[in-house]
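What follows is one structure encoded as structure tokens, with my remarks underneath.
Read-outs: derived from the displayed coordinates by stated rules, not from any lab. All values derive from a computational prediction rather than experimental measurement. Ideal geometry is used to build each Cβ from the backbone, glycine not excepted, and the neighbour counts take in all protein chains shown.
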Amino acid sequence: MNKILNFQAELINKIQLTDSILQFEYKVPSELVFTPGQFIGIRAIPTHTRAYSIVSLENNILTLIVDVRPGGIASQYFEKVQVGEQTNILGPYGIFKVKDTDLPKVFVSTGSGIAPFIPMIKEVVKTRPQIQIYNFFGSKDIKTDIAYSFLENILSDKCKYVNCISQEDISTLSQKNLHQEIKQGRVTTVIPTYNFDWQNTEFYICGSSEMINDTKEVLTNLGVDKIYVEKY
Ligand SMILES: Cc1cc2nc3c(=O)[nH]c(=O)nc-3n(C[C@H](O)[C@H](O)[C@H](O)COP(=O)(O)OP(=O)(O)OC[C@H]3O[C@@H](n4cnc5c(N)ncnc54)[C@H](O)[C@@H]3O)c2cc1C
């Protein structure tokens with residue numbers, strides 16, 4: 001169990017990844033440790049705290065990926081906050097983590113739903129390199145694929161990356177990596193075209209309720225029963 005801390009952190013970097021998704025980097029105390037899949041609470045205003053999955057925690061720098069489209073209190077905070085400002089952070093929290101098994105693992109996300117999977121995938125690659133991993137990331141076009149750059153350095157035969165592109169014509173796109181596959185369609189139409197051993201593969205899904213429900217339905221119809229979700 002990681003110790004839950006309550007601390008002030010300085011925002012040291014704010015990067016616009018797409019029209020609505022931003023990356024935030026905070027300088028945090030060295031006592032903060034997390035298990036891949038966990039999240040922290042950002043106290044956007046004194047009365048409101050929102051959850052954000054930890055993308056990475058390296059050299060006392062905590063990275064988050066935030067979609068500001070919901071437009072609520074935290075979204076407004078993230079849009080306005082400036083580098084140099086202090087924010088109250090609590091955590092880490094959560095029990096969403098990679099199962100301790102040797103089964104193949106498939107990760108499915110769209111938008112900021114990739115956040116918990118970045119450290120989870122890195123952990124499996126590092127600790128169990130023999131396990132087959134697939135990461136399916138859905139975006140309307142290749143330029144809104146915010147996930148690839150976080151994972152490109154660890155792709156291999158055992159760790160594949162599948163872009164599911166729903167709106168752009170993929171015939172004009174080219175792979176950047178031998179272990180990347182670019183497919184036309186949403187995650188829900190692309191995944192069934194793969195030949196997984198459905199009953200002996202774990203599926204991890206993260207994102208909006210709608211995306212999770214649609215994906216779960218497709219997977220259940222394929223006979224999958226090992227489905228683990230983090231709902232935003
Ligand atoms: C475990 C976990 C991890 C998460 N990790 C991430 C992450 O890594 N990245 C990420 O982008 N998000 C993540 N989320 C989602 C995040 O916590 C917030 O829910 C999200 O950022 C929206 O917060 P908000 O304050 O902007 O909107 P909220 O104020 O929570 O509002 C959400 C929506 O409801 C509407 N709304 C609010 N109040 C009302 C009302 N009274 N009547 C009608 N409509 C209303 C708002 O307009 C908005 O559309 C995570 C969620 C969970 C549970």
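Structure notes:
- Added length on full extension, which subtracts the Cα-Cα distance from 0.36 nm per residue, Leu178 to Asn59: 39.8 nm
- Each Cα pair of region 105-231 feeds into the Kirkwood radius, which the Stokes-Einstein equation turns, at 25 °C and 0.890 mPa s, into a diffusion coefficient of 169 µm²/s.
- Computed from the C-beta positions of Ile12 and Asp225, the FRET efficiency with R₀ = 45 Å rounds to 0.55.
- Residue order for Ile73, Ile121, Ile95, fewest other beta carbons within 10 angstrom first, comes to Ile95, Ile73, Ile121.
- Once C-alpha pairs closer than 8 Å and six or more residues apart are averaged by separation and normalised to the residue number of the chain, the relative contact order reads 17 percent.
- Karplus-derived HN-Hα couplings along region 79-87 (A = 6.51, B = -1.76, C = 1.60, θ = phi - 60°), whole Hz, x at Gly and Pro: 5, 8, 4, 10, 3, x, 6, 9, 9
- For region 45-51, putting each phi into the Karplus relation 6.51 cos²θ - 1.76 cosθ + 1.60 with θ = phi - 60° gives couplings of 9, x, 9, 10, 10, 10, 8 Hz, in residue order, rounded to whole numbers and with x for Gly and Pro.
- Eigen-decomposition of the gyration tensor built on the alpha-carbon atoms of region 1-97 gives equivalent ellipsoid semi-axes of 20, 14, 14 angstrom, largest listed first.
- Zone of Gln86's modelled label, taken as backbone nitrogen in region 18-53 under 16 Å from a point 7 Å along Cα→Cβ: 26-30, 43-46
- Relative contact order of region 1-109, defined on C-alpha pairs under 8 angstrom at six or more residues apart (%): 35
- Distant-in-sequence amide contacts of Ile205, defined by a placed amide H-H separation under 5 Å and a gap of 5 or more residues or a different chain, comprise Val108, Tyr228, Val229, Glu230.
- The chain shape via C-alpha gyration tensor axes, a/c threshold 1.5: prolate
- Extension gain from Asp169 to Ile4, taking 0.36 nm per residue of separation minus the Cα-Cα distance: 54.8 nm
- Under 17 Å from Lys97, Cα to Cα: lysines that are on another chain or at least 8 residues apart: Lys3, Lys105, Lys122, Lys126, Lys226, Lys231
- A straight line joining the Cα centroids of region 71-138 and region 178-232 runs 17 Å.
- Only Cα pairs under 8 Å and 6+ residues apart enter the sum, and on that basis the relative contact order of region 103-232 stands at 27 percent.
- Local charge for Gln199 was computed over the other residues whose Cβ lies under 12 Å away, with Lys and Arg +1 and Asp and Glu -1, and equals -2.
- Using the rule -39500 (n - 2.57) for each DSSP H run of four or more residues, divided by the residues of the chain, the 222 nm mean residue ellipticity is -4500 deg cm²/dmol.
- Proxy reagent accessibility, fewest Cβ within 10 Å first, across Lys105, Lys80, Lys216: Lys80, Lys216, Lys105
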